[in-house]
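All remarks here apply to the structure that follows.
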Amino acid sequence: MTFNILKIIDKDHYRENLNEYTRKAFFKLPVMDKPKILNVRCGTGVPTLELARISDGKNISPRHRSGGAELL
């Protein structure tokens, strides 16, 4: 696969399919009231956004970069 083809692929579509496992892992944790979710900024924020959605938590990010996670 060439680099140009990789740029066209919607990687977030595939990441969103993994949210099922993010939810399963989260619900195995003890109940938390408005948890702080650390986004280490190694991707586009799909898992972070899902965790914030299901937990009513707060997103914490060590650095600023344009992308979806700033919406929190």
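The values are calculated or read from the model by the stated rules, or taken from the named source; none is laboratory data. The structure displayed is predicted, hence computed values, not measured ones. Note that each Cβ is placed from the backbone with ideal geometry, even for glycine, and that neighbours are counted across all protein chains shown.
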Seminar exercise, completed: The number of residues in segment 31-72 that are at pLDDT 85 or above, surrounded by fewer than 17 Cβ atoms within 10 Å (Cβ to Cβ) and part of a helix (DSSP H, G or I) is 2
Exercise. Yes or no: LYS28 in a helix (DSSP H, G or I), on the phi < 0 side of the Ramachandran plot and either β-branched (Val, Ile, Thr) or modelled with pLDDT of 90 or more (or both)?
Worked result: no
For this session: Only residues that are over 16 Å from ASN59 (Cβ atoms) and among the basic types (Lys, Arg): list them for segment 16-45, please.
Result: ARG23, LYS24, LYS28
